[in-house]
Amino acid sequence: MSTSPAHGPIDRDRLLKLLQEGELTLEGLLLWSSNTTFLGVVQDGSQKVLVVYKPTRGERPLWDFPPGTLAKREVAAWLVSEALGWGLVPPTVYRKGPHGPGMVQLFIDHDPDEHFFTFRDQNPPELPYIAAFDVVVNNADRKAGHCLRDATGRIWCIDHGICFHVEPKLRTVIWDFAGQPLPRPIAADLERLRPALAPGGTLRRDLAPYLSGEEIEALRLRVEGLLRAGRYPHPGPGRHVPWPLV
């Protein structure tokens, strides 16, 4: 369930329909973002929610990621999180907006002064899942500020535009679990994901509009590799943390 600012809980299917089809109006720019990012409202009749809108044409070009793909990678991250049953990424769609097509994601109301470094010692139950998720999606930019805690205490993950590269690019502040065995529930969820990523699998099909075939296959191989290792990886050679850290 997710909450509309004015009208209480909205179930998942209705929320996704609202995000995809509701009228999107912009409230203003989020100035701390590296790519053009707006806070907006999506409304359909009496239902409305706050959202984050990242138009594709506002993306800053990167040397190692194909241009015009970052917003779609955000949707792919949500699809993987949902397929795993982990619910780490706020509901996210790709749709038309005032500045062209882009990512629209449910805004998570949170304390901006809180982030991974402020709550890591409290051992939130989401952290082992986030660490495994970042390995699977090959997250090249897991900053501390990309982990948000909402008013209920739940931890969410945002900003997955530079994930899913075919080459190893894991850069994260969450190395707390390096070398530790994967918890059994996480391993079981990853095992369940395997057939969905096989040729003809449901997740492979769902990801096709957002990732290349090579990127989807690399995702499958990372899942296989993590299961085979049975442990969280250690940092590799070269740069393995993002900058800035928060």
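The numbers here are math on the coordinates, done by the rules we state, and not lab data. A quick note: this is a predicted structure, and the numbers were derived from the prediction, not measured. Reconstructed Cβ throughout: ideal geometry from the backbone, glycine too, with neighbour counts over all protein chains shown.
Which net charge results for the neighbourhood of Asp111, defined as the other residues with beta-carbon distances under 10 angstrom from its beta-carbon, given Lys and Arg at +1 and Asp and Glu at -1?
Around Asp111, the surrounding residues sum to -3.
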Relative contact order computed over the stretch 98-246 (Cα-Cα under 8 Å; 6+ residues apart), in percent: 29 percent
Starting from the Cα-Cα distance between His234 and Ala188, subtract it from 0.36 nm times their residue separation and give me the gain in nm to one decimal. 14.4 nm
Which length gain, in nm to one decimal place, applies between Asp44 and Glu214 when the Cα-Cα distance is subtracted from 0.36 nm times their residue separation? 57.4 nm
Can you sort Trp175, Trp78, Trp156 from fewest to most other Cβ atoms within 10 Å of each residue's own Cβ? Trp175, Trp156, Trp78
Number of Lys-Lys pairs in the chain under 29 Å by Cα, sequence gap 8 or more or different chains? 15
In range of the label at Leu30: residues from the stretch 161-177 whose backbone nitrogen is under 18 Å from the point 7 Å along Cα→Cβ: 161-163
If each K or R counts +1 and each D or E counts -1, the residues other than Asp150 whose Cβ falls under 13 Å of its Cβ total -2
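Taking 30 Å as R0, compute the FRET efficiency from the Cβ-Cβ separation of Leu227 and Asp13 and round it to 0.05.
E between Leu227 and Asp13, to the nearest 0.05, is 0.45.
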Backbone N under 20 Å from the Trp243 label point (7 Å along Cα→Cβ), restricted to the stretch 138-159: 139-146
Return, ordered by residue number, the residues of the stretch 85-124 whose backbone nitrogen is under 11 Å from a label point located 7 Å along Cα→Cβ of Ala151. 109-110
